[in-house]
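Enquirer: Here's a structure for you.
The values are calculated or read from the model by the stated rules, or taken from the named source; none is laboratory data. Since this is a predicted model, take the numbers as computed values, not measurements. Virtual Cβ from ideal backbone geometry, glycine too; neighbours counted across all protein chains shown.
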């Protein structure tokens, strides 16, 4: 999930599209399918500005993935654990 001002983003893959559409509150979340050609960094970048901080769950992302997000987003990315 990507939490942002306004609508947040629920990220899933195509295996769970139908379930997400029926169980996620689409008033609060847009649903993004990671199986489609947009990378996660682009989905995040479209929702944050240069002044925003991005926090990621370090138990779900490797250090190299976090470093890649930092580089691609060109903003502060904070992870509590790798």
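Enquirer: For the range 16-82, list the helices (runs of 4 or more DSSP H) that sit wholly inside it and hold at least 2 residues that are over 16 Å from residue 2 (Cβ atoms), modelled with pLDDT of 80 or more and assigned by TED's automatic domain parsing to the domain that holds residue 2; which are they?
Expert: Because the criterion is at least 2 residues that are over 16 Å from residue 2 (Cβ atoms), modelled with pLDDT of 80 or more and assigned by TED's automatic domain parsing to the domain that holds residue 2, the helices (runs of 4 or more DSSP H) in the range 16-82 that meet it are 17-23.
Enquirer: Which residue is surrounded by the fewest Cβ atoms within 10 Å (Cβ to Cβ), if the candidates are limited to the range 13-28 and must be under 17 Å from the mean Cα position of the chain (by Cα) and closer than 17 Å to residue 40 by Cβ?
Expert: It comes out as 14.
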